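Worksheet: the structure to be examined is printed underneath.
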Amino acid sequence: MPLSRTIRRRLVPYVLALPAAVLLAVFFYGVANGVLQGFGIMPFLGRTDFTLDYYVQVFARSDLKDSVSYSLYLAAVSSVLAVVGGVALAGFMTRARSGRFVRLVGIRLPLMVMHALVALAVICLFAGSGLVPRLMCWLGLAQDPGSVVSVVGASSGWGIIAVYLWKEVPFVAFCTASIMMNISSSLGEASSTLGAGPLRSFFEVTLPLCKGAVAKAFLVVFAFAFGSYEVPFLLGPTLPKALPVLAYIEFQDPDILNRCYAMALNGVMALICTVLAVAYFAIVQRERKER
């Protein structure tokens, strides 16, 4: 009896970890399959020869540079604004010692709402026939709803950026607020004694102590905004298309062999995201050395 109990205790952790292991196996299988298809390897179609032709075709596209630049623009602008807004929100919540309701409305609720729903809400509110243009027309601020700049298809991408900020600002605040709340109050008191005001104390004492968390949050937000396709697909312009949208359209081609071309486009995205992952790992390693 004691032997069977010992065996059970040893097996329980592995049994509990089995669902996660299955999900990881499916994930890595999908990644490996996508990488191989980018190099033209599709065994179920009898294509087993390694080739770089699809990557050559991808880099020869005339619109690839515009797509990559547009995706980087959306990711960079939304990430910078998210960091500024998230740090400001975290600073406000820390200084005000916010309660559960403020944390729910400021952080938890936006994080629970998916981007696609926010994008649909933005379309209903700010599209050419949305609620806001109609209200502006009723107030006499616009001649007709069609004269108001629509978020759908705007080359500036401000509608896409606004949707990203809905969740990215709370995410950055979530990553930094816990660190700000745990900073010793004696540091703020020391800076005040030396003549620093609240704003200067925040920028010269509190914020430098959170720079690692801010940098990591920026990289995570940047990678997500760069690789996300649903929001640019719903709100993006016809040209240039964001790189994830371009890959999605190529993947939807009826010709199954075109999937190799789509996976090559995904390979370009994966390369850029790998650079971001290496930068994230470098920041983590530097923080460990500083500790």
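Laboratory data are not the source of any read-out in this text; all were calculated from the coordinates shown. Since the model is a prediction, treat every value here as computed from it, not as a measurement. Note that each Cβ is placed from the backbone with ideal geometry, even for glycine, and that neighbours are counted across all protein chains shown.
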Highest-fluctuation residue, R259, R95, R108 considered, GNM on the chain with Cα pairs under 10 Å: R95
At least 20 Å along the helix axis (C-alpha) and Kyte average at least 1.0, DSSP helices within the chain: 64-96, 158-181, 211-227
³J(HN,Hα) computed for each position of segment 44-52 - Karplus, 6.51 cos²θ - 1.76 cosθ + 1.60, integer Hz, glycine/proline x: 5, 10, x, 9, 10, 8, 6, 8, 9
Full-stretch length increase - I249, L141 - with 0.36 nm per residue and alpha-carbon distance subtracted: 35.0 nm
Helix-only CD estimate at 222 nm, as mean residue ellipticity for the chain, using -39500 (n - 2.57) per DSSP H run (n ≥ 4): -23000 deg cm²/dmol
Relative contact order (percent, whole number), the chain, Cα cutoff 8 Å, 6+ residue spacing: 26
Under 5 Å, built H, 5+ apart or other chain: amide partners of R47: M42
Sites F28 and D66 - FRET efficiency at Förster radius 30 Å, r taken between beta-carbons, to 0.05: 0.40
5 angstrom amide H check on G153, placed H, neighbours 5+ away: G236
Hydrodynamic radius (Kirkwood) for the chain, which is based on Cα pairs only, to one decimal in Å: 22.7
In nm, spacing of pseudo-spin labels at A277 and L16 (7 Å Cα→C-beta vector): 2.8
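Please give the length that would be gained between L209 and R134 if that part of the chain were fully extended, namely 0.36 nm times their separation in residues minus their C-alpha to C-alpha distance (nm, one decimal).
Numbers: separation 75, 0.36 × 75 = 27.00 nm, distance 4.69 nm.
Contour length minus the Cα-Cα distance gives 22.3 nm.
Magnitude of the Cβ-charge dipole of the chain, K/R +1 and D/E -1, about the Cα centre, nearest 20 debye? Spell out each step's value before the answer.
Numbers: 23 positive and 14 negative charges, 312 e Å.
The calculation lands at about 1500 debye.
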Ranked packing of 263-270, 12-19, most packed first, by mean Cβ within 10 Å: 263-270, 12-19
